[in-house]
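In what follows, a structure is listed as structure tokens, so that the remarks can point back to it.
No lab work stands behind these numbers, since they all come straight from the coordinates. Because the structure is a prediction, the values reported are computed rather than measured. Every residue, glycine among them, receives a Cβ derived from its backbone with ideal geometry; neighbour counts consider all protein chains shown.
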Amino acid sequence: MRVVGKVAAVAMMAGLGIAGSVHAADDPITTRQDIMSSVGAAAGLGGGMMKGQVEYSPVAGKAAIAAMNAAAVSFGSFFPASSDQGDTGALPAIWDNADGFAAELAKFSAATGKAMEASGKDGPADLDAFKAAMGPIFGTCKSCHETYRKKN
Ligand code: HEC
């Protein structure tokens, strides 16, 4: 049971894009977009469970939280000065107001770090525990996107 759970978690992480999220360092735009795609996938899984569209399991809950946390701690490293131009959804405000962007990143990683702690070794025990851990993470998407991401 325990081994099966672990395998499922790793498989899911790969499916969420973590394994494929590292590109050459000279392509920061694609890298950060891949990281955000993994956030989108984790949000889809987490949101699906929160809405009851996907059956909750602690392993899946933990995988969604771990994917969010991996993204939160790495995302900020892929905004070198030269990467404000090109095929990117990032707004110039990221570079014009670097402190403000850093504050949004800090909120994001604080929420994911807390959720990691709350999920423990085996993942949040039930859906209520998962919602309590994931809710604050979802709260950070909008406030960052509003100011720092182009509207599509
Ligand atoms: C600290 C700021 C920040 C936070 C927090 C944040 N995002 Fe983003 N997100 C961005 C930026 C900036 C982009 C545009 C990146 C680019 O195109 O270079 C983006 C892009 C995306 C994309 C498009 C990725 C692609 O393939 O181009 C998705 C999906 C996404 N975010 C989902 C989310 C979700 C869901 C959350 C919350 C769980 C979230 N984001 C939290 C800043 C943030």
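Worth pointing out:
- Applying both filters, DSSP loop and at most 15 other Cβ atoms within 10 Å, to the trypsin sites (Lys or Arg not before Pro) of region 78-152 gives 121, 150, 151.
- Net charge of the neighbourhood of residue 140, taken over other residues with C-beta under 12 Å away and scored Lys/Arg +1, Asp/Glu -1, is +1.
- The residues packed around residue 62, meaning those with a beta-carbon under 10 Å from its beta-carbon, carry a net charge of 0 if Lys and Arg are +1 and Asp and Glu are -1.
- Placing pseudo-labels 7 Å out from each Cα toward the beta carbon at residue 84 and residue 143 gives an inter-label distance of 2.4 nm.
- Per-pair calculated FRET efficiency, R0 = 35 Å: residue 27 and residue 131 via Cβ, rounded to 0.05: 0.45
- In plain terms, the chain from residue 93 to residue 114 could stretch by 4.8 nm, reckoned as 0.36 nm per residue minus the Cα-Cα distance.
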